[in-house]
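Read the structure below first, then the notes.
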């Protein structure tokens, strides 16, 4: 398994738009990697010189996630967290070096939220496992929309990220695919979920930024679109049914079912190869 494959599968799938400068505070693994690993795996030294009673790394990460959920990742700063926790800013630096390392901890924290199941609870059928994996990931992205803003091309792998990958692979073992192909399945599913979640998130963000609902937005365009359809320049679109763009159509379920059907074809192909059938 390559490092690239591990990061993409264990994390949120990675942002395909490419690496961005660490200065914008959205690139995982952009801080002191060694310190992030120590904090993630609990091997670092405890704060010295009299840490503030009641303050802990767990409380800091919890507060950071809460701020990011409510106001976005840009709102997370050591100063803001010191206010939320009622502690001096310098007190926080005794627990975590800075925002870059804090981001690694936040990422591992939220990736661990859907992981209540153990290996024994993973569905035996790989189709059900993929369905569960996709739906739990989509819900996680909805709960923490800032995840879609993070460049995870170089995720610092903590316990939650690795446990998530372990459980995902456990559910896919029955496919009988080669190891690189199993990682490919996870990346494909994650990428599909991210794309749909990003579209939904962008739509919600547009409403917040403009104050214009989706209904009002399309209502304003309707006279122009009607004239365009009557012009004869767009015969295919003009001939489509009225429910083509209905909000009631479940694009997530449709896409996921098509993905699973495609994987079924691959599993059947590999089975024929092993059995020597054409």
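Ratio of Rg to Rh for the range 104-174, alpha carbon only, Kirkwood? Intermediate results must be reported in sequence, preceding the final value.
Working: Rg = 12.3 Å, Rh = 12.7 Å.
In the range 104-174, Rg relative to Rh is 0.97.
As a proxy for reagent exposure, ranking 133, 175, 229, 237 by other Cβ atoms within 10 Å from fewest up yields 237, 229, 175, 133. Ranking of 274, 127 by neighbouring Cβ atoms within 10 Å, starting from the fewest: 274, 127. Between the alpha-carbon centers of the range 101-174 and the range 218-278, tell me the distance in whole angstrom. Answer, in whole Å: 27. Compared with the direct C-alpha span, the chain from residue 89 to residue 268 gains 58.6 nm at full extension, assuming 0.36 nm per residue.
How far apart, in nanometres, would the label points at residue 253 and residue 209 be if each is projected 7 angstrom from Cα along the Cα-to-Cβ direction? Rounded to a tenth, the inter-label distance reads 3.2 nm.
What FRET efficiency comes out for residue 62 versus residue 230 if R0 is 45 angstrom and r is the Cβ-Cβ distance? Round to the nearest 0.05. E between residue 62 and residue 230, to the nearest 0.05, is 0.20. Remark: 220, 109 ranked as 220, 109, counting other beta-carbon atoms within 10 Å and listing the fewest first.
Each residue, residue 178 and residue 199, gets one label point 7 Å from its Cα in the Cβ direction; the gap between the two is 3.2 nm.
Here the Debye sum runs over all C-alpha atoms of the range 206-278 as equal scatterers in vacuum, and log10 of I(q)/I(0) at q = 0.21, 0.25 Å⁻¹ comes out as -1.02, -1.10.
Quick note: the coordinates plus some simple rules give every number you see, no bench work behind them. None of the values given here were measured: they were computed from a predicted structure. All Cβ positions, even for glycine, are placed from backbone atoms using ideal geometry, and neighbour counts span all protein chains on display.
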